[in-house]
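Bear in mind these aren't lab numbers, they're just calculated from the coordinates by the rules spelled out. Predicted model, so just to flag it, every value in this text is computed and none were measured. Here Cβ is always computed from backbone atoms with ideal geometry, including for glycine, and neighbour counts include all displayed protein chains.
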Amino acid sequence: MDAPWTPSALTLDLDDTLWPIWPIIARAERVMLAWLREAAPATVAAHDAKAMRALRDGLLRARPELATDLTTLRRESIRLALRASGDDAALAEPAFEVFFAERQRVELYEDALPALRRLAARWPIVGVTNGNSDLARAGLSGYFVDCISARSFGVGKPAAPIFHAACGRMGMAPAQVLHIGDDPALDVDGALAAGLRAAWVQRPGQVAQGVPVGVPHHHVGDLAELADRLGA
């Protein structure tokens, strides 16, 4: 049962909390491959989307530090494909920009924007993400006072320092902040271990990622339900 507690500020996950990420990634990969088909046809002849993902996964195994830098991981995996096919490796930069621009064309869950407006009208919000979303390019920066990514910070969720940094940017102690996210381990257990409260957004039909070890302060089906609970 939820305790009668009201946050002073919020931190908010982005991918799979505000929008479903994998349809966006798949579309961005298709757009990038279409661009490469013109600029580097040998690369596309040898590497479909599945092969490009395999290159990316292999690079991550070789360089696990890139788990917190998805931009570099994606760009360098493109460079590997270009080199392997005899195309100009310098095309990795513009190819990534094609991918990245499309990746920022997010399609929010139906409830997300109305709920975000309600929440932002009452509390300061800092985005906390392990991904490489750009809130300004996505048209959402006006609802956030800041955003911290694993790439910019150097450490991602579920590590406590990224949560503490987000709280610090609002001048709040962790105990004053509610973190909102979809991932049981990264968002719920990570936030709880860092001393924040946690709201678990588990949308109907969303692929199960297990359950958190800790007990979230709120367990909701979407952000509208959470905004209602919080009285936003």
What percentages make up the Cα-Cα pair-distance distribution of segment 79-128 when the bins are 10 Å wide from 0? 20, 28, 21, 17, 13, 1
Long-range share for segment 126-219, i.e. C-alpha pairs more than 22 Å apart as a percent of all pairs, stands at 26
Mind giving me the nanometre distance, one decimal, between the label points for Val207 and Val31, set 7 Å out from Cα along Cα→Cβ? 2.2
Please work out, to two decimal places, the log10 of the ratio I(q)/I(0) at q = 0.18, 0.26, 0.30 Å⁻¹ from a Debye calculation in which every Cα of segment 143-193 carries one identical scatterer. -0.53, -1.12, -1.36
Work out how much length Ala62 to Arg137 would gain on full extension: take 0.36 nm times their residue separation and subtract the Cα-Cα distance, in nm to one decimal. 23.9 nm
Selection from Ala28, Met52, Cys167 lying farthest towards where the dipole of the chain points positive, charges on Cβ: Met52
Can you give the log10 of the normalised intensity I(q)/I(0) at q = 0.12 Å⁻¹, computed with Debye over equal Cα scatterers of segment 22-103? -0.28
In debye to the nearest 20, how big a dipole does segment 78-161 give about its Cα centre with +1 on each Lys and Arg Cβ and -1 on each Asp and Glu Cβ? 360
What ranking do Phe96, Phe153 get, fewest neighbouring Cβ atoms within 10 angstrom at the top? Phe153, Phe96
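Using the crude model of +1 on Lys and Arg Cβ and -1 on Asp and Glu Cβ, and no other charge, please compute the dipole size for segment 22-103 relative to its Cα centre, in debye to 20.
On the way: 13 positive and 12 negative charges, 56 e Å.
Using only the charged Cβ atoms, the result is roughly 280 debye.
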Could you tell me what fraction of 2.2 N^0.38 Å the Cα radius of gyration of the chain comes to, as a two-decimal ratio? 1.08
